[in-house]
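The values are calculated or read from the model by the stated rules, or taken from the named source; none is laboratory data. For clarity, every value in this text was computed on a predicted model and none was experimentally measured. In this analysis, Cβ positions are derived from the backbone assuming ideal geometry, glycine residues included, and neighbour counts consider all displayed protein chains. Surface accessibility is based on the protein's heavy atoms, side chains included, excluding ligands, DNA and RNA. Shrake-Rupley method; radii C 1.70, N 1.55, O 1.52, S 1.80 Å.
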Amino acid sequence: MTAQKTIYALSSGAGTAGVAVIRLSGPDSFEALTTLTGRHDFEPRVATLCKLKDPDDRSHLDHALALPFKEPYSFTGEDVVELHIHGGRAVTEGVLSTLHKNKSLRMAEPGEFTRRAFENGKMDLTEAEGLNDLIHAQTAAQRQLALRQMDGALRHLYEGWRRDLVSLLAHLEADIDFPDEDLPEGVAEAARPKIRTLCSDLKGHLDDNNKGQALRNGFTIVILGAPNAGKSSLMNALAQSDVAIVSDEAGTTRDAIEVNLDLGGYPVRFIDTAGIRENAGKVESEGIKRALNKAEQAHLKLITIRADEWPDVSRETLELIDDRSFVVFSQSDKADLDPAMFHVKHPSLRPVEVTTTSSVTQQGISDLLEKVERYSVAQMEINEAPILTRMRHRTALEECISHLERFDQSATLDAVLAAEDVRMAARCLGSITGLIDVEELLDVIFSDFCIGK
Ligand SMILES: Nc1nc2c(ncn2[C@@H]2O[C@H](COP(=O)(O)OP(=O)(O)OP(=O)(O)O)[C@@H](O)[C@H]2O)c(=O)[nH]1
């Protein structure tokens, strides 16, 4: 391992706090601590109360706790020093600018501490991604998902599969290199059932309704309907705050407006959209295009229909109703309408729920919220099985499957080609955990982190 330059950064959040943590990592960390304190008597993994001083003018910077870690027993695998200082602006800026003057140090880039931990074998890529998710988790379910990934749930699964493939590959290659040796007959043929089982395990793992991604990014619920249907009012009522502009002027909402809620520990994002109608002006048409686009990507659609206009519903609105939608009869204070009327009039349409609400009297709002929560939690609920959380994982697994399926076709024809397919499939799995060369991926993955992580 070639020693890298020592890096430092504020690792706790910005803003005033009782305590802030500045972290250093690299071969000059301990030396930098001595420069700041004038002391050499620090012990690894023991917190020591000390005075931090600017070495140039000996001015006092803070009373701090210094906590050193000797490599390789640290987060990054390098020598690490944590300085637990007082979390005010003048203190953090004073310590950071003093470190800045030390020529053997440089400020860390976003995600650089975790990147070094990965490069020093402290974690694989899925665990690093789990750590980033944990830092950004907004709800209890997101926290649990992130912790499982950080604890190696995906690594164990993918590494197990990859090891199986590497072992099959070893047999196939032995068969190719030493055809006359005393090896079992039909190595490729013998591998076929194992490859098929693996293929079906991979497909089962992928067939998860994208719940890991929904849980990580938020379950999106788009509110749709004609202009003035009461969409913005409904969103405000659900969010219990005035996030969207409400007006009796049709076409008020032009661009999508979002609000994130925590429903029973699960992340849900409501999106208010422009009213959908024919013959809209240029700007409104752009809003409608965006609304339809959001509708396509949504996990759930709330289709608002004014109770007082029933049974007048535009064709554009009816076309949005499918088995991923709730029909919401809005403005129920203006007309008393039985939800069952919807099925009587449109028996061929199969929305999940039909409810009535009033954003003025609040009738039906908590009932709708409960139904939305039940539906979205059911879509995101995770069991004990490891769950993939990123498009990157999905793409690599799909590619892996396509190599395994090709193996099935080439195994009897050409042993060399068959072995190549197994090798490529193993590479795909290795690219998820970072076991194979993924240099080009690293900048993308770690730039997603913040400084100090
Ligand atoms: N009485 C009553 N009026 C409502 C209710 N919901 C909305 N309104 C009124 O209906 C009008 C339109 O409401 P919005 O929430 O802006 O409707 P929208 O569907 O977002 O409208 P666009 O942005 O134009 O598509 C406003 O004057 C609201 O005050 C309701 O439940 N009861």
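Table for the structure above
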| item | result |
| --- | --- |
| Subset of region 91-121 that is part of a loop (DSSP other than H, G, I, E, B) and in contact with a Phe, Trp or Tyr (Cβ under 7 Å, 6 or more places away or on another chain) - its residue that is most open to solvent (accessible area, probe 1.4 Å) | Pro110 |
| Matching residues, region 350-401, being among the polar types (S, T, N, Q), surrounded by 15 or more Cβ atoms within 10 Å (Cβ to Cβ) and over 25 Å from Ile303 (Cβ atoms) | Thr389 |
| Exclusive hit being surrounded by 12 or more Cβ atoms within 10 Å (Cβ to Cβ), without any contact (Cβ under 8 Å) to a residue 40 or more places away in the chain and closer than 18 Å to Glu109 by Cβ, set Ala14, Ala9 | Ala14 |
| Residue list for region 404-421, filter: open to solvent by less than 20 Å² (accessible area, probe 1.4 Å) and modelled with pLDDT of 90 or more | Leu404, Asp421 |
| Restricting region 305-346 to residues that are among the small types (Gly, Ala, Ser) and within 12 Å of the ligand (Cβ to nearest atom), the residue that is farthest from the chain's Cα centre (by Cα) | Ala335 |
| Glu284 within 14 Å of the ligand (Cβ to nearest atom), out of contact with any Lys or Arg (no Cβ under 6 Å at 6 or more places or on another chain) and among the acidic types (Asp, Glu) | yes |
| Gln138 vs. criteria exposed (fewer than 15 other Cβ atoms within 10 Å of the Cβ), within 21 Å of the chain's Cα centre (by Cα) and among the polar types (S, T, N, Q) | yes |
